[in-house]
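**Q** Mind looking over this structure? Questions follow.
The values are calculated or read from the model by the stated rules, or taken from the named source; none is laboratory data. No experiment lies behind these values; they were computed from the predicted model shown. Here the Cβ positions follow ideal geometry from the backbone for every residue, glycine too, while neighbour counts run over all protein chains shown.
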Amino acid sequence: MTEKNNEIKKKIKKTLDKDRYQHTLGVAYTASCLAMRYGADIDDAFTAGLLHDCAKCISNDEKFKLCDKYGIRLTEIEKKNPALIHSKLGAYLAEHKYDIRNKDIINSIRTHTTGEPGMSLLQKIIFTADYIEPRRDQAKNLKEVRELAFTDIDRAVEKILYDTLNYLNSKTAAIDPETRKTYEYYCKQARR
């Protein structure tokens, strides 16, 4: 682990509750393993994993205030579902509070909840690592997704999106259009 990641780890521990910090470490180490598997930069994957939820434990009211202060535009879906805001705010904080200059890391943090069409390898790694890290145990088809994650990351992303959309539909929860658009993109990629 780099010195910079050691510093981030110490800072992030102070801003997250105990469970979120343990989840964060799980994502960072899982992302590192996926990076090794697919030939991505291990340190970048670890950094993105450490910072992916850096805004998660901020209260919803404070998230709205910070987004307004920093000029972060929110969609109507995000305004109605504040749990989605932490990705955009986290990307901003990674760049401005944690001094991350790597755009791929920043984009990986920004897209880790909804994904986006045409994600980079690092984006797919963080999106997947967040879903499969060892402390996760509630998601449907988790065993299958974990296996796919290390054999075909695109199919893992597609399966995560499929299961997420089915779960949200079953709860009649609002679905961010970006999630559906991302799923459709990866379905088309799989058919090629």
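**Q** What single numbered condition from (1) at pLDDT below 95; (2) surrounded by 15 or more Cβ atoms within 10 Å (Cβ to Cβ) fails to hold for residue 83?
**A** Single failed check for residue 83: (2).
**Q** Which is touching a residue at least 40 places away in the same chain (Cβ under 8 Å) and under 19 Å from residue 91 (Cβ atoms), of 133, 116?
**A** So the residue among 133, 116 that is touching a residue at least 40 places away in the same chain (Cβ under 8 Å) and under 19 Å from residue 91 (Cβ atoms) is 116.
**Q** Determine if region 34-53 includes at least one residue that is in contact with a Ser or Thr (Cβ under 6 Å, 6 or more places away or on another chain), among the aliphatic types (A, V, I, L, M) and surrounded by fewer than 23 Cβ atoms within 10 Å (Cβ to Cβ).
**A** Checked region 34-53: at least one residue is in contact with a Ser or Thr (Cβ under 6 Å, 6 or more places away or on another chain), among the aliphatic types (A, V, I, L, M) and surrounded by fewer than 23 Cβ atoms within 10 Å (Cβ to Cβ).
**Q** Can you name the residue in region 93-115 that is closer than 24 Å to residue 175 by Cβ and assigned to a helix (DSSP H, G or I) and, of all such residues, is farthest from the chain's Cα centre (by Cα)?
**A** The extreme case among them is 107.
**Q** Out of all the residues in region 116-143, which are of a type in the set (A, V, I, L, M, F, W, C), surrounded by fewer than 17 Cβ atoms within 10 Å (Cβ to Cβ) and not in a helix (DSSP H, G or I)?
**A** 139 - this is the single residue of region 116-143 that is of a type in the set (A, V, I, L, M, F, W, C), surrounded by fewer than 17 Cβ atoms within 10 Å (Cβ to Cβ) and not in a helix (DSSP H, G or I).
**Q** Go through region 2-41 residue by residue and tally those that are within 18 Å of residue 129 (Cα to Cα), more than 16 Å from the chain's Cα centre (by Cα) and aliphatic (A, V, I, L, M).
**A** Qualifying residue count for the region: 2.
**Q** Also: Of all residues being in contact (Cβ under 8 Å) with a residue 60 or more places away in the chain and part of a helix (DSSP H, G or I) in region 151-182, which is farthest from residue 36 (Cα to Cα)? Just the residue, please.
**A** By that ranking, first place goes to 177.
**Q** Please go through region 1-23 and pick out each residue that is hydroxyl-bearing (Ser, Thr, Tyr) and either surrounded by 14 or more Cβ atoms within 10 Å (Cβ to Cβ) or part of a helix (DSSP H, G or I) (or both).
**A** 15, 21
**Q** Tally time: how many residues in region 52-80 are assigned to a helix (DSSP H, G or I), aliphatic (A, V, I, L, M) and closer than 25 Å to residue 28 by Cβ?
**A** 1
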